[in-house]
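Scroll down for the structure; my scribbles are underneath it.
No lab work stands behind these numbers, since they all come straight from the coordinates. Since the structure is predicted, the reported quantities are computational estimates derived from the model, not experimental observations. In this analysis, Cβ positions are derived from the backbone assuming ideal geometry, glycine residues included, and neighbour counts consider all displayed protein chains.
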Amino acid sequence: MSIRKRLSPEESRAVALEAARLLLIETGPQSVTLKAVAARIGRTHANLLHHFGSASGLQKALAGHLAQTVCNTIGEAVRATRAGIGSPREVVDLTFDAFGREGGGALASWMLASGNEDALNPIVETIHALVDDLNPEECTGEAEARSMHKTTFSLVLLALGDALLGEQLADSLGVERTKARDCAEEMMIAAFAENDASAQPIGAQ
């Protein structure tokens, strides 16, 4: 007879959130319910209620989990780009994949449509923290910080729009499917160049 390992509250939440993420990717946001997640991990509905309080609580926790995972990955790519290891295209592809292939866009639109707007707060807060963290130490002025926020704002909107309508619009207009990513890449290259230039001492420019 198999004995199910007793998990700590933190481990149980982590297992449930990973199951919710997989359900989101495999069958869409409508499948992310307490009942479905409980069945996926062999737990009871009451157990999931204990950890998340409600389906809304599960969705909000999943949004925070996705946001933190996505932003950590994107942050590493941006730092690698600044170190000459990665490229702006990698940052763009990671962002677009996060909202497309990983289900972030579907989750965001579903929560907005269901009136659960506050569930998006973890995503917004994490992205803001990411932008602040990635701002070069030399670029501490208000103008430089505002520039990075505008770039991130545009990148996220492009990625979210592409995740929701990109394929249909590309087919309808006869545009290459990668067009939005190409535009985002050009924007990122210009933003990095602008920030690098502003970080140099005046005499070095």
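Between the listed residues His149, Leu24, Ala129, the Cα displaced farthest toward the positive end of the dipole of the chain, a dipole computed from Cβ unit charges relative to the Cα centre, is found at Leu24.
By the helix-only formula, in which each DSSP H run with n ≥ 4 contributes -39500 (n - 2.57) and the sum is divided by residues, the chain has a 222 nm mean residue ellipticity of -23500 deg cm²/dmol.
When Arg13, Arg6, Arg79 are sorted by how many other C-beta atoms sit within 10 angstrom of their C-beta, beginning with the fewest, the order is Arg6, Arg79, Arg13. Once C-alpha pairs closer than 8 Å and six or more residues apart are averaged by separation and normalised to the residue number of the chain, the relative contact order reads 19 percent.
Anisotropy class assigned to region 69-185 is oblate, per the alpha carbon gyration tensor with a/c at or over the 1.5 cut-off and a/b no larger than b/c. Histogrammed with a bin width of 5 Å, the alpha carbon distances of the chain distribute as 1, 7, 14, 17, 16, 13, 11, 9, 6, 4, 2, 1, 0, 0, 0 percent, first bin at zero.
Taking the beta-carbon count within 10 Å as an exposure proxy, list Leu24, Leu165 from fewest neighbours to most. If you can, show how the numbers build up before the last one.
Values: Leu24 22, Leu165 13.
The order, fewest Cβ neighbours first, is Leu165, Leu24.
Principal axis extents of the Cα atoms in region 16-55, from largest to smallest and rounded to whole angstrom, are 25, 18, 13.
Taking the beta-carbon count within 10 Å as an exposure proxy, list Ile127, Ile25, Ile85 from fewest neighbours to most.
Details: Ile127 19, Ile25 16, Ile85 10.
The fewest-first ordering by Cβ neighbours comes to Ile85, Ile25, Ile127.
Placing pseudo-labels 7 Å out from each Cα toward the beta carbon at Arg40 and Asp133 gives an inter-label distance of 2.5 nm.
Under 20 Å of direct C-alpha separation, and excluding same-chain neighbours fewer than eight residues apart, Lys35 reaches these aspartates and glutamates: Glu10, Glu11, Glu18, Glu26.
Could you give the length gained on full extension between Leu22 and Ile189, defined as 0.36 nm per residue of separation minus the Cα-Cα distance, in nm?
Details: separation 167, 0.36 × 167 = 60.12 nm, distance 3.29 nm.
Net length gain for the segment: 56.8 nm.
Applying 1/(1 + (r/R0)^6) with r as the Cβ-Cβ distance of Glu176 and Ala14 and R0 = 45 angstrom yields a FRET efficiency of 0.70.
When the dipole is taken about the Cα centre of the chain, and only Lys, Arg (+1) and Asp, Glu (-1) are charged at their Cβ, what size is it in debye, to the nearest 20? Could you put the intermediate results ahead of the total?
On the way: 18 positive and 27 negative charges, 255 e Å.
Here the size comes out at about 1220 debye.
Helix 55-82 and the longest principal axis of the Cα set of the chain meet at an angle near 30°. When exposed loop sites are taken as GluC sites (Glu not before Pro) in a DSSP loop with at most 10 other Cβ atoms within 10 Å, the longest stretch of the chain clear of them is 1-136. Between the listed residues Leu120, Gly174, Ala163, the Cα displaced farthest toward the positive end of the dipole of region 91-197, a dipole computed from Cβ unit charges relative to the Cα centre, is found at Gly174.
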